[in-house]
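The values are calculated or read from the model by the stated rules, or taken from the named source; none is laboratory data. Predicted model only: the values in this text are computed from it and were never measured. Here the Cβ is made from the backbone with ideal geometry for all residues, glycine too, and neighbour counts use every protein chain on show. These accessible areas exclude ligands, DNA and RNA; they are computed on the full protein's heavy atoms, side chains included. Shrake-Rupley method; radii C 1.70, N 1.55, O 1.52, S 1.80 Å.
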Amino acid sequence: MSARLPVFPLGTVLFPGLVLPLHIFEERYRALVRHLVGLPEGAPREFGVVAIQAGWEVAPAGPPGRSGLAGGDITLHEVGCTAELRQVTELADGGFDIVTVGRRRFRVAEIDDATEPYLTAEVEWLPEPAGPDEVADVLAARVISVFRQYLALIRPEQEEISEQLPEDPTVLSHLVAATAALTVADRQRLLAIDDTAGRLRAELRLLNRESALLRQIRAVPVPLSELAGLPAPN
């Protein structure tokens, strides 16, 4: 099943269920917000968030065969997530502060940069897991344990990590992907995985990798900040 969506390119990856606040100042995206606000009551007020693959709003279209999708001056990743508009605050200068929540994943089939002031795209909805998955349940328990160890490493001043982590494997997989200190490329790969078990397996590998790096950094005998201030030898 396909649909046409307004598209908002960003330097980040949005996951289903995660909150994304945005400050809207460019006229093309002001037009996008006005379009969404003006939709009939009950119509879904959502747009697609797609991470930028090449450039920062100033990348030329890629050559044929490139994995990304060209849209004007940028090249986008193929998989994104819709953002549902939950709160809009209009500002005195005509801009907006908005709050959105990630809703559903999609794959971009075709970008249109000519019809509207903002990008639009023909998208295909990606499958989401339905029903119980024993493998995902087992992996979720392992991810929770490793993620707590990881949080303890990045917050060494806190004796106990008290955050309540979701028990639902799919929700957990999206939360970990969005909150761990990963690169955009890592997050994009996680977003593109269709099954929860596969995403959790990938997160276990990434969390173990990041935890090992953090332990190495903490094993340095003298803090790097102190090394920077040591006097030079005579």
Going through region 90-99 in order, the residues found to be in a loop (DSSP other than H, G, I, E, B) and touching a Lys or Arg at 6+ places or on another chain (Cβ under 9 Å) are Gly94, Gly95
Taking region 192-217 and keeping only residues that are assigned to a helix (DSSP H, G or I) and under 17 Å from the mean Cα position of the chain (by Cα), one is left with Ala192, Thr196, Arg199, Leu200, Ala202, Glu203, Leu206, Leu207
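How many residues, within region 130-142, are of a type outside the set (D, E, K, R) and out of contact with any Pro (no Cβ under 8 Å at 6 or more places or on another chain)?
Result for region 130-142: 6.
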Exactly one of Gly48, Gly102, Gly42 is at positive phi and either modelled with pLDDT under 95 or not in a loop (DSSP other than H, G, I, E, B) (or both), and that residue is Gly42
Over region 182-191, the set of residues in a helix (DSSP H, G or I), crowded, with 18+ Cβ neighbours inside 10 Å and of a type in the set (A, V, I, L, M, F, W, C) is Leu190, Leu191
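Regarding Val146, is this residue more than 19 Å from Val50 (Cα to Cα) and either open to solvent by 50 Å² or more (accessible area, probe 1.4 Å) or in contact (Cβ under 8 Å) with a residue 12 or more places away in the chain (or both)?
yes
Taking the condition of a type in the set (Phe, Trp, Tyr), open to solvent by less than 30 Å² (accessible area, probe 1.4 Å) and in a strand (DSSP E or B), does Phe8 pass?
Judged against the criteria, Phe8 is a match.
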By residue number, the members of region 70-89 that are outside any loop (DSSP other than H, G, I, E, B) and modelled with pLDDT under 95 are Ala70, Gly71, Ile74, Thr75, Leu76
Please verify whether Asp112 is within 27 Å of Val33 (Cβ to Cβ) and more than 19 Å from the chain's Cα centre (by Cα), treating the condition exactly as stated. yes
Right, Ala136: closer than 22 Å to Gly17 by Cα, more than 22 Å from the chain's Cα centre (by Cα) and among the hydrophobic types (A, V, I, L, M, F, W, C) or not? no
Exactly one of Pro127, Pro63, Pro16, Pro21 is within 30 Å of Ile193 (Cβ to Cβ), at pLDDT 95 or above and assigned to a loop (DSSP other than H, G, I, E, B), and that residue is Pro16
Output for Cβ contacts, cut-off 7 Å, separation at least six or different chains, first residue under 17 Å from Gly48 (Cβ atoms) and open to solvent by 70 Å² or more (accessible area, probe 1.4 Å) in region 93-118, second of a type in the set (D, E, K, R) and assigned to a strand (DSSP E or B), reads Arg103/Glu46; Arg103/Glu84; Arg107/Glu124; Glu110/Glu122
